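Okay, structure first, notes after.
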Amino acid sequence: MDAPLSAAIDPAPRPAAVELLVRLLKLGSFVNTPMKEGVCDPAGLSSNELKVMMALAGEGALAGHDLVAIMGVPPMNVSRALAALRGHGWIEDATDPDNRRRRPVRLSAAGWQAYERMAGDIASVADALLGGLSAKQQRDFAAIADVIVGRMVEWIAAHAAGEGE
């Protein structure tokens, strides 16, 4: 007799690293809804605009291609977000003394004020999502996230250089 149909379509067990990658993908997808509803909507921003603001607040002046790499979105999405933020007066051009051709932007004074106004909403989402973790769990998660982000940066750099193909 043939195997039951469910056995034929059940996937084979996946290695632990693949299971973790799936969880990471879910985490990355699911975090967008609370951020959109809890921060973006009240501020009148798109998710990409918020991500650009958060990147500039955390990293300092960045060029468009830097933002594309950090955010993992198409260049057009970054361009639209930058145009919208410029329209609000929340970003301004910056200079790179080491590379005159590089065109970074940074948060303007008004951008910093807008970002600070969002701080309470960002903290509320953070508390709702992570507040149930103990201080040790939060530290452990932060350390693990730092390692994963570092590995992602290495992977992206290697593939951009053609090494990972």
| What percent of all Cα-Cα pairs in region 41-81 falls in each 5 Å bin, counting up from 0? | 6, 25, 37, 20, 10, 2
| said: Can you tell me the length gained on complete extension of the stretch Asp127 to Glu59, counting 0.36 nm per residue apart and subtracting the Cα distance? | reply: 22.2 nm
| task | Rounded to the nearest 10 degrees, what's the angle between the helix 135-160 long axis and the longest principal axis of the chain, both from Cα atoms, 0 to 90? | result | 80
| Ranking Ser47, Ser79 by Cβ neighbours within 10 Å, fewest first, what do you get? | Ser79, Ser47
| note | Expected vector for region 11-21, Karplus 3J(HN,Hα) from phi with 6.51, -1.76, 1.60 and θ = phi - 60°, integer Hz, x for Gly and Pro, equals x, 5, x, 9, x, 4, 5, 5, 4, 5, 4
| request: Would you grab the residues whose amide H sits under 5 Å from the one on Ile91? Only those 5+ places off in sequence or on another chain, please, with H modelled 1.01 Å from N. | output: Arg86, Ser108
| field | Evaluated at q = 0.13, 0.22, 0.23 Å⁻¹: base-10 log I(q)/I(0), Debye formula over Cα of region 13-98 | value | -0.51, -1.10, -1.16
| field | Size of charge dipole - the chain - debye, nearest 20, with Cβ of Lys, Arg +1 and Asp, Glu -1, no other charges | value | 300
| D (Stokes-Einstein, µm²/s), Kirkwood Cα radius, the chain, 1.002 mPa s at 20 °C | 115
| query | In bins 10 Å wide, starting from 0, what share of all Cα pairs of region 103-142 does each bin hold, as a percent? | reply | 26, 31, 27, 15, 1
| remark: Computed over the chain: longest principal axis from alpha-carbon atoms vs helix 47-59 long axis, angle to nearest 10 degrees, is 70
| remark: Projected area averaged over all directions for the convex hull of the alpha carbon atoms of region 79-128, nm², comes out at 4.7
| For the chain, what is the mean residue ellipticity at 222 nm derived from helices alone (per DSSP H run of n ≥ 4: -39500 (n - 2.57); sum divided by total residues; nearest 500 deg cm²/dmol)? | -20500 deg cm²/dmol
| field | Rough spin-label spacing in nm, given labels placed 7 Å along Cα→Cβ, for Asn99 and Leu24 | value | 2.6
| task | Can you tell me the 0 to 90 degree angle between the C-alpha axis of helix 109-130 and the longest principal axis of the chain, rounded to 10? | result | 20
| message | Once each part is reduced to its C-alpha centroid, what is the distance from region 12-42 to region 110-165 in angstrom? | response | 12
| note | Percent relative contact order for region 16-132, counting Cα pairs under 8 Å at least six residues apart, stands at 26
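Here, each number is a calculation from the coordinates, and none is a lab measurement. Please read these numbers as outputs of a predicted model, since none were measured by experiment. Backbone-built Cβ (ideal geometry, glycine too); neighbour counts: all protein chains shown.
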